[in-house]
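The values are calculated or read from the model by the stated rules, or taken from the named source; none is laboratory data. All of these numbers come straight from a predicted model, not from anything done at the bench. Here the Cβ is made from the backbone with ideal geometry for all residues, glycine too, and neighbour counts use every protein chain on show.
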Amino acid sequence: MGQCTKPQEAELELTSCRPGKLQPPGVDNAYSYTAVEAGLVMAVITSVNEAGPIMLTPQQQKVAKQLTQRIEDSDSNSSCSKILHNLLFSLYLPQDISRHAADVFSSPVVAFLALQSKSEQGVYCDTSILGQVTAKMQTCIRFRCLGYLMRKLQATADEDTNNEWIQYVTPFHLCLIG
Amino acid sequence: MIRTTLTPFCNTYLAPDSISPFATVHDWLSWFMAAKAMTPGLSNSTFRLVGERVQFGCHVICLHRFRTFLQDQMQSMWLRINKEVLLGVDIDASGIKVDLSPRLVDGSVAGNGPFSQGWDILLDSESSIRLQEELARAGNSFLKSPIDISKAEEWLKSIHMVWQELFCLIHVLSGPFPLFFLEHLELLYSNSPTQRGDFFLVDGKLAIVSSFEGERHNLIGSYKKRFRLLPHKLSVALVVMLQLVRPVELSVLLSTPGTPKNKEKMLCSYRHTLYISHGLKWNRDMLSKIWSQWITEGMGFSLKTDRYRSFCKAWRTKHKTTHNAGWLGKMADAQAGHGPTISNKLYGKLDNIGGLATTKTLSEKEKCLDWQRWLGF
């Protein structure tokens, strides 16, 4: 376990997220979070099909095309969920972020946020609206990360010390997959 | 496990000082605020004035149409005043005076000299007694006992309609700085030794000098004052409604059943408040409803007050001119060897209006006149 003995401390140190503040969204407001993600996915799919303003890495393009194909081919939503998860994971946590260092807008997430910052008339939108989008986007990224951590910990759950972490991360993971 | 996998992962993707999308999203709001502050031109307004057309969103307003709409509204309001409120009584022919000239307290008319500007308007009921007599002579049953209640209600309703139109026209025509709804509601029209009203007479027109909470009000409790000038036709309409009609309206209201219990309070409200009908003061919701209905019915699209404010802001940005209305004063100041600030301090008592400095008054007056000229008034 090393120096970080408590999950809260580790989480505080690593993500600057205060323990106890991050709560899984309830059923009522979960939709408002997923709506932001849905908007992002929609923008990405449109960009792949119609060469929009969002730049994608080859990996992201591949997953986005897979998703488009799957949506067209199948009526079942469940068959899309895994690809959808892969797409969001690749958008939030790209394998290579060096490209992002040179140009922040090379990240589809940031490009999407930039588009959200403008109204249809080309002027800046209201700050109060943008605050909601950024907060939800951040929460969604955190959830994806916690989901990733959950899977990693489950894969190596041979140590007893991991149990406390798993206990902490489980509600978020359930929230993601539920 | 924590050290080998989780710590690097979180450091790469979730640490706020990293280069990950998460960190960028984290900082986005502060970047956005900075960008917004640095490009005021873009965030100014969604309205664009291109020649005779005003573009906003998916709408294009033809300026000619807007002018015609305002002219029509002014005409219809006057028609309603003459036909439904004054009930055909010809004010000029009956010798009822609508006095828009500055007067001293003792009643003698002041000269047209430099000190007469900004003299307080005296809104009294002398002329209204004549109007009441004329209305009664014309055989209006709601002024004689027994009162025809339905007729009285109808007359009061007409007055209410006129005030609705007056409010909308004041909102648009008073200048490129539209009054806030709260300002509208707090306007005082009567002057007394203890209470100063917000209406003044400038060149035969009514001027409104009202204060509102400035941007820094919460910090330092400051109020801002703004000068607005009404067109002549609108000034006359307002004086007719306040000076002539309101006292008659009060007497009719008091003689009809269903008046509020606290008559003293109601009388006080009628003596000071501009927007009041059927004994009840208007509120913000009512103003908002009246405004949206007026503009939607007249122009065919909804223009909320904040959007209308943006429209005025766009106009102000485009017509940003420096008025040299105070050139005469400046010359006098130069001759006296001091600047306008000292001049205002020294002579402010003589020709200031509502406590506003003369230079500011002149500049805002010119802006109001420009605005009204642009709208065809």
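Please verify whether A:Leu93 is touching an Asp or Glu at 6+ places or on another chain (Cβ under 9 Å) and either free of Cβ contacts under 8 Å to residues at least 24 places away in the same chain or crowded, with 16+ Cβ neighbours inside 10 Å (or both), treating the condition exactly as stated.
Judged against the criteria, A:Leu93 is not a match.
For the range B:1-11, give me the residue count where each residue is surrounded by 15 or more Cβ atoms within 10 Å (Cβ to Cβ) and either more than 7 Å from chain A (Cβ to nearest Cβ) or within 28 Å of A:Cys125 (Cβ to Cβ) (or both).
Qualifying residue count for the region: 1.
Condition first: more than 10 Å from chain B (Cβ to nearest Cβ), touching a helix residue (DSSP H, G or I) at 6+ places or on another chain (Cβ under 6 Å) and of a type outside the set (A, V, I, L, M, F, W, C). Can you find one or more residues in the range A:119-134 that meet it?
no
Is it true that A:Ser81 is at pLDDT below 85 and either exposed (fewer than 15 other Cβ atoms within 10 Å of the Cβ) or away from chain B (no Cβ under 14 Å) (or both)?
yes
Return yes when A:Gly147 is within 9 Å of another protein chain (Cβ to nearest Cβ) and modelled with pLDDT of 80 or more and no when it is not.
In short, no.
Looking only at helices (runs of 4 or more DSSP H) that lie completely in the range B:151-242, which have at least 3 residues being over 28 Å from B:Asn140 (Cβ atoms), over 16 Å from the mean Cα position of the chain (by Cα) and modelled with pLDDT under 85?
Passing ranges, in order: B:217-220.
Contact list please: Cβ distance under 6 Å, first residue in the range B:360-377 and under 16 Å from B:Pro178 (Cβ atoms), second residue basic (Lys, Arg) and surrounded by fewer than 17 Cβ atoms within 10 Å (Cβ to Cβ), pairs at least six apart or on different chains.
Listed pairs, sorted by first residue: B:Leu375/B:Arg67.
For A:Phe105, indicate whether it is part of a helix (DSSP H, G or I) and closer than 20 Å to B:Met33 by Cβ.
Answer is yes for this residue.
What do you reckon, is B:Lys349 outside the structural domain of B:Leu156 (by TED's automatic domain parsing), charged (D, E, K, R) and at pLDDT below 80?
yes
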